[in-house]
1. Which of the following residues is within 23 Å of A:Gln302 (Cα to Cα), aliphatic (A, V, I, L, M), open to solvent by 40 Å² or more (accessible area, probe 1.4 Å) and in a helix (DSSP H, G or I): A:Ala24, A:Ala29?
2. Can you name every one of the strands (runs of 3 or more DSSP E) wholly within the range B:1-49 that holds 3 or more residues which are open to solvent by 50 Å² or more (accessible area, probe 1.4 Å)?
3. Sort out which residues of the range A:101-128 are open to solvent by 10 Å² or more (accessible area, probe 1.4 Å), assigned to a helix (DSSP H, G or I) and under 20 Å from A:Leu321 (Cβ atoms), and write them in order of number.
4. What are the pairs, 6+ residues apart or on separate chains, where a residue within the range A:424-452 that is under 30 Å from B:Arg20 (Cα atoms) and at the interface with chain B (Cβ under 10 Å from one of its Cβ atoms) has its Cβ under 7 Å from a residue that is part of a helix (DSSP H, G or I) and aliphatic (A, V, I, L, M)?
5. Can you pull out the residues in the range A:451-478 that are over 30 Å from B:Asn52 (Cβ atoms) and part of a helix (DSSP H, G or I)?
6. Is it the case, given these coordinates, that B:Val74 is in a strand (DSSP E or B), β-branched (Val, Ile, Thr) and open to solvent by 10 Å² or more (accessible area, probe 1.4 Å)?
7. Which pairs do you get when a residue that is touching a residue at least 60 places away in the same chain (Cβ under 8 Å) and under 14 Å from A:Ala324 (Cβ atoms), found in the range A:83-100, comes within reach of a residue that is open to solvent by 30 Å² or more (accessible area, probe 1.4 Å) and among the β-branched types (Val, Ile, Thr), reach meaning Cβ atoms under 9 angstrom, with the pair 6+ apart or on two chains?
8. From A:Leu456, A:Leu510, A:Leu463, A:Leu493, grab the single residue that is over 21 Å from B:Asp58 (Cα atoms), among the aliphatic types (A, V, I, L, M), surrounded by 13 or more Cβ atoms within 10 Å (Cβ to Cβ) and at pLDDT below 50.
Amino acid sequence: MSIQTKKRAPVLIANRGEIAIRIARTCRALGFPTVAIYSEADRFAEHVRVCDQAYLVGGAAPKDSYLNIENVLKAAKASGAKFIHPGYGFLSERASFADACQEAGITFVGPSAESMRLMGDKIQARATVDKLKLPRVPGSPGAVPNAAEAAKFAREIKYPILLKAAAGGGGKGMRRVDSEAEIAAAFEGASREALGAFGDGSMYVEKLILEPHHVEIQVFGDGKGKAVHLGERECSIQRRHQKVWEETPSPILNLHPKTRDAMFAAAIKIAENVNYAGAGTLEFIVDGEGSFYFLEMNTRLQVEHPVTEWVTGVDLVAWQLLLAAGEFTLPAIPERRGSSIEVRLYAEDPHHFLPAPGPIGAIQLPAGAFVRFDTAFTSAGEVSVNYDPMISKISVWGSTREEAIGRMRVSLDETRVEPPKKANGQRVGSLRTNLEFLRKLSRNEMVIQGDTPTDLIPRNPDLTQFKDEAPSTEAAIALSLYQLLVSSQETTLEGGSGHTNEMRSNWARLAKWEGVRS
Amino acid sequence: MSSLKGKVGSIELTWKSAPRGATGKTQVEVGGKKMDVQWRKDSDGIWIELANGVYGFDISGEPNEAETGLKFKVSERGTELGWENLSFVREGEELVASAEGAQKKGVRVRAQMPGKIIRVLIKQGDEVQKDQPLLVMEAMKMENEIRAPHAGKIAELKVTEGQAVESGAHLIILE
């Protein structure tokens, strides 16, 4: 398996944003021509520009374009693509799409449709895990049709419980329920949300583990019954059930090294049992005592895969592509070195984490040794209301966790995302980012100590509270000067000549000079 | 010409002369201390040079609650420092602003993002507590509760269930 630029068949990247750009980079490095797809809302998006070909696949709504199997396959045929890389989200975990690719004679870069069916569906996956006698979180054996049925299971396994969408992910269609009084309303809300997001409102009930840590194992299988692991990632720090800070090695597993070994063994066992092909992630819950429970498998590349790439030196997308092209031999378990952290920069309100998409006027991303950013934007653009509001992922490496945190802190301080502005400084659009939240997070004492339970954010209200502090003298000088400059410009502009103050004074100088000369 | 004397928060500043242009040099008095300032304004904010260093700030404004002017978010470039709701209020303008503000009663609850109102949990005239859910809005495929920013009375309800709203739209006026 060597990475060289030889002529290969084109890869259609059935995704958008940073992940499409990230996949395209590896394709190009390996000599695979690239094909982008885009929706009407993404005509001028960066992922379209970085690919060799690009095909419009439909309207702005995901179901009309990025989820439109027929149109995606049409684009693949038109472009001559022999491979489709689905990225994460969208069609990446739809077995029916893998089937459709096969029928069309195109190689789906991912596991077989069969192992997607076996492991991608949460209820099926639990049956597989039970068969292998691996621990999992107690819950209903299948989907429950209504709140009354959900309450029956909840009584058995005792509150608090979680209601989760059977088809879900990313925290959509998920509710914590602490008592029977709350279950009816929670079921209705979660089920409606799941129906809207996934077209399937079925729910299952799961025991809520206290002091939980979210730890996942990256595996890679050769599809012939052999698999390796590439270490773990801890993604405990979440808001609205969505990950925001991910790292490897896991701080909780550092306290329980035997648990780590047992989880690696369990992950490989599961992957080998289903003849898993390609990159997959086994998600587990680890409690404060170091017990672990299987949660679910993601049969695709994860958003947070860069931290694994940092510590192993493996380009996971390269492995995926070479496996799909039949040029891959599974190596020994890669060694892991140092520590890596990733944060997700979102277009969202930093206090309530509500999505706040809008136009970006200026963006500046960090640089320096051992700093990587995977971004959907390198210049002005617009975070679309139609899709996930993630702007960029920033990841860093350090020889130790402490070093990585220091580097992350500097990287976040360097990062700037500004809305477009009118001449008077008034922002245009509704863009907000979680940048200041991330900056506070990188300085949080619990984070620094490696004490990272899933409820870290609610336990540290200062992370999200707006602090009404007095400005620095420098800030007061800068703001007052800025406001005076802007208002002098407005005064000068009265009458609508459209000339800036500076231009006008240059004209005045020129006129004077002309006057002197004549 | 308005006064060149005013306050940002509790910091009093007096500018020597009205600054003009994208770059320049002037003097400011802060808390009785005179300082030389050079500046370079750009599209996102401003750089200033003081005797002890060069500082850059990103500045963006939005209408203040009374909608009489702008309040600004100020972030120091390359640092974690940032402040919100700041404004340079010139001497003599404070009274005007507060008088205008008094005429516009009530705080507008706005949509933070474009979306659809799927539930209205209150009606006009209701007394609500701080943080009480007022509306459920669906945006980005998530249901989000819009809560009362403070206790008060619903003076005006401007939306109905099922209505699509733009970002920044006024949803409720809370007295």
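The values are calculated or read from the model by the stated rules, or taken from the named source; none is laboratory data. Values in this document were obtained by computation on a predicted structure and should not be read as measured data. Positions of Cβ are backbone-derived with ideal geometry, glycine not excepted, and every protein chain shown enters the neighbour counts. Surface accessibility is based on the protein's heavy atoms, side chains included, excluding ligands, DNA and RNA. Shrake-Rupley method; radii C 1.70, N 1.55, O 1.52, S 1.80 Å.
1. Details: A:Ala24 fails: open to solvent by 40 Å² or more (accessible area, probe 1.4 Å).
Going through A:Ala24, A:Ala29 in turn, the sole match is A:Ala29.
2. Values: elements: B:5-8, B:11-15, B:23-30, B:33-41.
So the answer is B:23-30, B:33-41.
3. Result: A:Gln102, A:Ala113.
4. Matching pairs, first to second residue: A:Asn424/A:Val486; A:Gly425/A:Val486.
5. Here is the first cut: in the range A:451-478, the residues over 30 Å from B:Asn52 (Cβ atoms) are A:451-461, A:463-465.
The answer is A:Leu456, A:Ile457, A:Pro458, A:Arg459, A:Pro461, A:Leu463.
6. On the way: in a strand (DSSP E or B): yes; β-branched (Val, Ile, Thr): yes; open to solvent by 10 Å² or more (accessible area, probe 1.4 Å): no.
No; evaluated as a whole, the condition is false for this residue.
7. A:Phe83/A:Thr107; A:Ile84/A:Thr107
8. Numbers: A:Leu456 fails: at pLDDT below 50; A:Leu510 fails: surrounded by 13 or more Cβ atoms within 10 Å (Cβ to Cβ); A:Leu463 fails: at pLDDT below 50.
After applying the criteria, what remains is A:Leu493.
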